[in-house]
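First up is the structure itself, then whatever we jot down about it.
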Amino acid sequence: MTTKAADEALGYEQARDELIDVVRQLEAGGTSLEESLALWERGEELAKVCRRWLDGARARLDAALADESDGEGGGEPGQE
């Protein structure tokens, strides 16, 4: 397992790829209950990392779109 600080340093693609691997392992079965629980917990942490990246990307897009619309007179989209 990795530490929380190490998880925060993961890039989106790294976290996503590891999460995919965790899901595959769980779906394949053949692990003990303890191993399955550890995999599930790891998957939950990786999902949180991915969600933070996606939320950050959404915030950046929203800010860029707001700046763009402010530069066009501040009206509703599609209005001139």
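The values are calculated or read from the model by the stated rules, or taken from the named source; none is laboratory data. Treat the numbers as computed from the prediction; the structure is a model and nothing was measured. Note that each Cβ is placed from the backbone with ideal geometry, even for glycine, and that neighbours are counted across all protein chains shown.
The set of residues from the stretch 1-43 being aromatic (Phe, Trp, Tyr) and closer than 20 Å to LEU54 by Cα comprises just one member, TYR12.
For the stretch 1-72, give me every one of the helices (runs of 4 or more DSSP H) that falls completely inside it and has 2 or more residues that are surrounded by 14 or more Cβ atoms within 10 Å (Cβ to Cβ).
Working: elements: 4-9, 12-28, 33-70.
In the stretch 1-72, the matching helices (runs of 4 or more DSSP H) lie at 12-28, 33-70.
How many of the residues making up the stretch 1-29 are at pLDDT below 95 and either on the phi > 0 side of the Ramachandran plot or not acidic (Asp, Glu) (or both)?
In the first step, residues of the stretch 1-29 are kept if they are at pLDDT below 95; the result is 1-10.
Still in the running and either on the phi > 0 side of the Ramachandran plot or not acidic (Asp, Glu) (or both): 1-6, 9-10.
Residues that pass the stated criteria total 8.
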